[in-house]
Every structure is written in structure tokens, then in C-alpha cells.
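Below is one structure, written out as C-alpha cells; the observations come after it.
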Amino acid sequence: MHFFKRARIRYILHRHAIAHDMWRQATEEIAVFQGLSAVEKAHLRELATLFLHQKTLVGVQGLDLTEAMRVVIAALACLPILGLGIDCLEGWSEVIVYPTAFRVRRDETDAAGVVHHQEHALCGESWSRGPLILSWDEIEQDLRKAPSGRNVVIHEIAHKLDMLNGPADGYPPLHHGMSVSAWSTALSSAYQQLVRRIDHHHRPCIDPYAAESPAEFFAVVSEYFFCAPDLLQSQFAAVYEQLCRYYRQNPLLRTARDFT
Ligand code: ZN
């Protein structure tokens, strides 16, 4: 890393670090952080500090974003990049937070060239170089529920990482030493297996939304990787292993640490 950039990061961490009390208050009850080691927690706090410094978080439709809410969002957004570094989140600067699910209107053109006006309710959305859009209601629900494997912030950050090398397609830039064919085989066979289960009306082992596309599959399995690693590992062991290599983390070790 460039010397001046490193010096700037040191300055931000020194001058603008999230206060210890605020950090503890905002994060101590959140299950997904429980098994982190002291070193990982300290690193996460540094990344969250940089995130809050680099991004503008805006509450809309009357949502008053408190400091604790900002810290929760930053900490969740930085969990996936704990082993990757803050540079992975460069190229966009705004986080827009709605109080509840938000509605988007889009015109989509079908194969016959007919434009359909569509309206959907969404709880999160990320654009390649645009904002990260979240619903606070959904973030809170993810945190309140017993480990459900779901987390909208992690989902949207996974899309951001996926889009670092082009459109979201479930294929983020892999690290040196990772095998492209091992990644493709693991993820595409698990994806096809899930699609087949749903086509045959069998109960899917993870959220069926993962079957929407390879991009959604990557985002959904990333949620399970951090929030319900035991479930993901038992259902899709090869995917779990690839995600360990990609995220440079092994959340199953944390679950084990939780019970010691
Ligand atoms: Zn998605």
C-alpha cells in the first residue's frame, strides 16, 4: 500500500476510532460477532471506523440513523471483508437506509420487445458503482431472530464484492492460488442441485431465493457462511470450503469457540 495512504489510514484510526463504549454497546449482543477472537474484533472495529469515514450513511423517509445504528451497519458490512481489506469496498460512497422495505419501479423489456412496468418491494439492493440500499427493519429482524442464516447487509456486500470484476454473476475476483475450476464446479453444482430441488417441489435446504440466479446464490450462501456456517457446511461442503478460501475466514471455528 502506498505510504501516504497508509499514513492517512493510521491518522483516521487514531483520530476517528469508534469509541470503545459505543462499539461494545452496538455489537456485543449480535450473535454473528460472538465467536470472533479479540484480535478479529479489534480489526473489525478498525475496518468499521474506516467504513464510517469513507461512506456517507443516510436515513431516508424519516429514519433517524443513530450512532449505534451506523456502527451496527458498518460492523456487519465489514465482517465479510475482515480478511480482504477495506479497499474491496472502494468505488462507491453512499449507504441509503430506509425504515422498512422499499418499493422500486422499473421498466423491463421482454423477449418480444414489450416493456413491462414492474414494482417490487425490496429490503436491500446494491449497484455496481452506486449506493448500497438497506432497510433498517430488515437488519433488525436478522439480528433478533435466532441464527437464521440471513443477513441483508452481508448479502448486499457480497454483491458489491461480486461486482468488482464486472456484472454480478457469482464469480468475484478470486485470489492468487485459488482454482477457478474448483470455484465454478463447487458453486454451479450446488446451485443446480438447489434449482432441481425447487423444481421437484422438495423443501430447499437454504433460502430458495438463492435459486434466482448464480449472483443471488453467491450472496445467499455468503449470508449462511457467516450466520449459519454449520448449515452451509453440512449441505454444501465444497461451497463452504471455497468461501473459506475466498473470504479468508473460517466461521465454523467461531461457532466452536462460542461453546467453549
Ligand atoms: Zn441479492
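Numerical summary
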read-out: Total charge dipole magnitude, the stretch 2-258, about the Cα centre, Cβ charges on Lys, Arg, Asp, Glu only, Debye to nearest 20; value: 880
read-out: Hits among lysines - C-alpha to C-alpha of residue 145 under 23 Å, sequence gap 8 or more where chains match; value: 41
read-out: Whole-percent pair-distance distribution, where bins are 10 Å wide, for the alpha carbons of the stretch 7-57; value: 24, 54, 21, 1
read-out: Sites matching chymotrypsin sites (Phe, Trp or Tyr not before Pro) across the stretch 174-260 that sit in DSSP coil, with at most 16 neighbouring C-beta atoms within 10 Å; value: 259
read-out: All Cα pairs of the stretch 2-258, percent lying beyond 23 Å; value: 53
read-out: Cα gyration tensor category, rounded, prolate or oblate, for the stretch 165-260 with a/c compared to 1.5; value: oblate
read-out: ³J(HN,Hα), Karplus 6.51/-1.76/1.60, whole Hz, each residue of the stretch 39-56, x for Gly, Pro; value: 5, 5, 4, 5, 5, 4, 5, 5, 5, 5, 4, 5, 4, 5, 6, 8, 10, 9
read-out: Whether the stretch 120-220 is rounded, prolate or oblate, judged on the alpha carbon gyration tensor where a/c under 1.5 counts as rounded; value: oblate
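We did not get these values from a lab; they are worked out from the coordinates using the rules stated. As the structure is a prediction and not an experimental result, all values here were calculated from the model. Please note: Cβ atoms are built from the backbone with ideal geometry, for glycine as well, and neighbour counts cover all protein chains shown.
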